[in-house]
Amino acid sequence: MSLNLSKEEYKKAEEYRAWIETRLPIGKELLYLTQEDVRSIPISPEEILELTEKSLAAYSRKNADMPAKIGIHPLPGTFYHAMPAYAPEAFAAGIKWGSCYPENQKKYGYPQAEGLILFNDHLSGIPIAILDCIYVTEIRTAAVTYASIKKLASSDAKTFGMIGCGVEGRQHVKNIEKVLPSLKEIYVYDISKDAENCLIQELQGEVGAVIKKADSLETLVRNSEVIASATIITEQPEPKIKDEWITSGKTILLCDCHSLYEDKTVKRADKYLVDSIEQHELLKGYGYYPYGLPEIYAETGEVVGGEKQGRVTKDELIVCNNVGMAIEDMYVVRDLFDKALENGIGRKLPL
Ligand SMILES: NC(=O)c1ccc[n+]([C@@H]2O[C@H](COP(=O)([O-])OP(=O)(O)OC[C@H]3O[C@@H](n4cnc5c(N)ncnc54)[C@H](O)[C@@H]3O)[C@@H](O)[C@H]2O)c1
């Protein structure tokens with residue numbers, strides 16, 4: 001799909017390219033950013049949320065060139081995804097090559113998600129940066145959940161539940177009060193008690209609501225108005241959350257597909273949303289949704305961009321399934337790349 005820039009946009013793109021050239025000789029060198037480098041780039045939660053909202057809206061307005069991510073699956077339960085995207089509005093093009101090995105922590109002490117992003121000059125195609133993708137994935141994934149919550153949850157919700165207290169779980173809890181400012185209690189649950197303890201130790205000082213360990217999934221689900229999960233994406237759902245625990249009015253945000261929920265729960269939602277219909281259809285083809293997908297009310301970006309309504313009444317049950325999109329990475333990477341050049345962060349490597 002070709003998305004042509006207007007004359008004026010092309011001029012701005014040329015100006016942006018000229019600005020990069022003042023700091024990085026395109027075609028001769030690229031900027032290499034380690035994970036530590038990426039984490040040191042100054043960017044606020046508000047900026048990350050705004051970039052992510054723009055990316056979601058651009059995707060659903062079809063102002064993005066982003067094929068559904070393709071993958072390879074070397075070992076059972078593992079995958080690599082190739083995630084290319086072009087965001088004309090952000091003059092950003094590139095690809096994320098990310099892997100997910102759920103057993104990594106246990107077997108080798110590595111995180112389950114790893115990968116790199118290759119960022120290109122979209123006017124010439126020349127690679128201009130290679131960066132670790134972990135932090136970008138971490139912050140934009142939580143921001144997608146926040147963007148969804150802003151439109152789909154009651155803004156006066158007092159309780160939030162986080163299932164999975166790993167990298168994504170911690171990042172989700174960290175800034176949740178920016179979108180749910182009335183929170184009083186945050187329930188957390190993980191099969192690893194160490195992970196629960198780490199989250200509380202790291203974040204209780206940063207958030208105002210009381211973070212409580214839920215003694216079971218049932219406790220968390222029954223007590224939380226808004227529930228997010230970031231555990232393990234299983235090729236086939238392995239429901240652990242009983243449908244009867246889920247009352248009307250709840251907002252359920254999934255970073256791990258339908259892994260934990262019963263099919264009847266997602267199918268009885270008053271509104272069921274996905275970030276990309278094309279992407280979830282492809283996942284269905286891979287066998288991730290053996291009982292089929294529920295009827296899709298909207299893409300997340302349609303609601304974030306204001307084309308469709310989000311929550312209308314207090315008692316709607318809403319499920320939003322965001323599996324992650326390269327376009328989100330590209331908006332954030334463009335900003336991080338600019339800031340790294342401005343602040344002299346990273347190493348320039350010869351091409
Ligand atoms: N949607 C997206 O854009 C996106 C982006 C990144 C990661 N993810 C997904 O989010 C999930 C979490 O990623 P992460 O980087 O935080 O991984 P992580 O390994 O750091 O954390 C996962 C946590 O979930 C816990 N867990 C596993 N099974 C559980 C269960 N049944 N109940 C409760 N806790 C359980 C683990 O003990 C671990 O602490 C993965 O499935 C990953 O593929 C999605």
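The values are calculated or read from the model by the stated rules, or taken from the named source; none is laboratory data. Quick caveat: nothing in here was measured; it's all calculated off a predicted structure. Neighbour counts run over all protein chains shown; Cβ positions are idealised from the backbone, glycine included. SASA here: full protein model, heavy atoms, side chains in, ligands and nucleic acids out. Shrake-Rupley method; radii C 1.70, N 1.55, O 1.52, S 1.80 Å.
Structure notes:
- Cα centroid of segment 39-59 to Cα centroid of segment 65-141, whole Å: 17 Å
- The convex hull built on the alpha-carbon positions of the chain has an orientation-averaged projected area of 17.2 nm².
- The accessible surface of the chain, taken with every protein chain in place and a 1.4 Å probe, is 52 percent carbon and sulfur.
- The angle between the Cα long axis of helix 277-286 and the main principal axis of the chain comes to about 70°, on a 0 to 90 degree scale.
- Vicinal HN-Hα couplings computed from phi for segment 151-161 (Karplus, 6.51 cos²θ - 1.76 cosθ + 1.60; Hz; Gly/Pro x): 9, 10, 9, 6, 5, 9, 4, 9, 10, 10, x
- Qualifying trypsin sites (Lys or Arg not before Pro) for segment 43-87 [loop in DSSP, other Cβ within 10 Å: at most 15]: R61, K62
- Within a straight-line Cα-Cα reach of under 14 Å, K69 can be paired with the following aspartates and glutamates, leaving aside sequence neighbours fewer than 8 residues apart in one chain: D275, E278, E281, E328, D329.
- E21-K348 pseudo-label distance in nm [points 7 Å out on the Cα-to-Cβ vector]: 1.4 nm
- Note on L3 and K264: the extension gain reaches 90.0 nm, defined as 0.36 nm multiplied by sequence separation minus the Cα-Cα distance.
- Whole-Hz Karplus values for segment 133-147 come out as 9, 4, 5, 4, 4, 4, 6, 6, 5, 5, 5, 5, 4, 4, 4 Hz, taken residue by residue from phi with 6.51 cos²θ - 1.76 cosθ + 1.60 and θ = phi - 60°; glycine and proline positions read x.
- Whole-Hz couplings from phi, Karplus 6.51/-1.76/1.60, listed for segment 49-65; x for Gly and Pro: 5, 5, 4, 5, 4, 4, 5, 5, 5, 4, 4, 6, 7, 6, 9, 7, 10
- Modelled FRET efficiency - R0 22 Å, K12 with S124, Cβ distances, 0.05 increments: 0.90
- CD proxy at 222 nm, helix term only [per DSSP H run n ≥ 4: -39500 (n - 2.57); per residue of the chain; nearest 500]: -10500 deg cm²/dmol
- The distance between label points at E281 and I72 comes to 2.7 nm (points 7 Å beyond Cα on the Cα→Cβ vector).
- Loop sites by DSSP among the GluC sites (Glu not before Pro) of the chain, restricted to those with at most 12 other Cβ atoms within 10 angstrom, leave 1-205 as the longest stretch without any of them.
- Structural descriptor for the chain: relative contact order 22 percent, calculated from alpha carbon pairs under 8 angstrom and at least 6 residues apart.
- Length released on extending from E295 to E46, taking residue separation times 0.36 nm less the Cα-Cα span: 86.4 nm
- Residues of the chain: accessible area per residue with a 1.4 Å probe, Å²: 44 Å²
- Trypsin sites (Lys or Arg not before Pro) lying in DSSP loop within segment 166-250, provided at most 10 other Cβ fall within 10 Å: none
- Residues whose placed amide H lies under 5 Å from that of E29, excluding near-sequence neighbours: L351
- Label-to-label distance for Q236 and K314 is 4.2 nm, based on points extended 7 Å past Cα in the beta-carbon direction.
- Considering only the chain, percent of DSSP beta bridges that pair antiparallel, nearest 5: 50 percent
- In Å², nearest 10: area of S124 left accessible to a 1.4 Å probe: 60 Å²
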